[in-house]
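Read the figures in this text as sums done on the coordinates, not as results from a lab. Remember, it's a predicted structure, so these values are computed and weren't measured experimentally. Cβ placement follows ideal geometry from the backbone for every residue including glycine, while neighbour counts extend to all protein chains displayed.
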Amino acid sequence: MTYDAGSGPRAGLLDGGTVRGLPADITLVSLLGDDGEQLADAAATARSRPAEVHPLTGVRLLAPIPRPPSIRDGLCFLDHLRGCYRAIGRTEELHPAWSQTPAFYFGNPAAVIGPHDDVPIAPGSRWFDFELEVGAVIGRGGRDLHPDTAARHIVGYTFFNDWTARDHQLRDMAQGIGMGKSKDSAITLGPALVTADEIEPGFEVAAAVNGREIARGSLSGMDWSWGELLAFLSRGTDLVPGDVIGSGTVPGGCLLEHVDTPDPGAFTGWLAPGDEVVLSSTALGETRQTVHPSASPVPLRTGH
């Protein structure tokens, strides 16, 4: 995990209700790059000889990797896409391309926020949404990975929530070059990095807004496996330690899939200032965040 007890970001071990810190010059990324031995040794050190100890309630949890080298978000649940299509009235079958290779987009590392940080609504957005996803953190880099073995390069997992301005997404889609400002305002990672050896495959995750559960599911329904996704992402390029890879949204795990009117602008469920969004899992812990307004966008030119 990464936390701040008042003197800046620091890596440490979450041990029940206690945070056991490592020396100030150590980051989680600095402990990656091998088969997890450095990370395991650091955890043992934090448990037996911590540099500092704080109650969990006395620290601010940051994103485990506060500024990842890169972020790539996959779309590994095709039922999520089908649900989005239904919500906006599209009835056609998915294009064969969705089953030929995993889809993904590059996220903004500067947009990463912690698991309990307030979330700014994307400037100018009125259709603000969350996404229930899991992020895999690359522990050992590689290139041109094989789908049968690529998942071994994952050191651990954390929640991944790429907050989305659905109205901005309509413009991104019309421009046709991928996700832009619709995915640029905030990406939540946290509350901690749970190492791969601590997690059973197919663990369950859930999302709630203002105490009402919106979705519950597991990774067992992924149409593209982690190994297949990482193998595709690494074709002709390097994955490096600390890269964060999103699973894509668990089916039902966003408000768009629950739009109940032909006009999404008339949907009353979009996030508004003061709304609280919670992602939870017995495997990963919990993120709990409140949405707040942001400044109005400065017009680029008259009428825009």
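Here are the numbers for this structure:
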| item | result |
| --- | --- |
| Alpha-carbon centroids, segment 216-280 and segment 1-30: separation in whole Å | 28 Å |
| Charge dipole (debye, nearest 20) of segment 91-171; +1 at Cβ of Lys and Arg, -1 at Cβ of Asp and Glu | 280 debye |
| Listed residues GLY227, ALA266, PHE203: farthest to the positive end of the dipole of the chain (Cβ charges) | ALA266 |
| Cα-centred dipole magnitude for the chain, charges only on beta-carbon of K, R (+1) and D, E (-1), debye, nearest 20 | 660 debye |
| Values of log10 I(q)/I(0), in the order q = 0.13, 0.15, 0.18, 0.25 Å⁻¹, for segment 2-62 under a Debye, Cα-only, solvent-free model | -0.29, -0.39, -0.56, -1.03 |
| Share, in percent, of DSSP beta bridges within the chain that are antiparallel, nearest 5 | 90 percent |
| Karplus (6.51, -1.76, 1.60) ³J(HN,Hα), θ = phi - 60°, over segment 29-35, in Hz, Gly and Pro reported as x | 4, 5, 9, 9, x, 10, 8 |
| Cα gyration tensor, segment 131-227 - rounded (a/c under 1.5), prolate or oblate | oblate |
| Dipole in debye (nearest 20) - segment 175-274, about Cα centre, beta carbon charges: Lys, Arg +1; Asp, Glu -1 | 320 debye |
| Helix 37-48 axis, angle to the chain major axis (alpha carbon atoms, nearest 10°) | 70 degrees |
| Using θ = phi - 60° and Karplus 6.51 cos²θ - 1.76 cosθ + 1.60, couplings along segment 10-16 (whole Hz; Gly, Pro as x) | 8, 8, x, 10, 8, 10, x |
| Under-5 Å amide H pairs with ALA103, H placed in peptide plane, nonlocal only | LEU75 |
| Residues PHE104, PHE128, PHE160, PHE203, sorted so that the one with the fewest Cβ neighbours within 10 Å comes first | PHE203, PHE104, PHE128, PHE160 |
| Residue-averaged 222 nm ellipticity for the chain, from DSSP H runs of 4+ at -39500 (n - 2.57), nearest 500 | -4000 deg cm²/dmol |
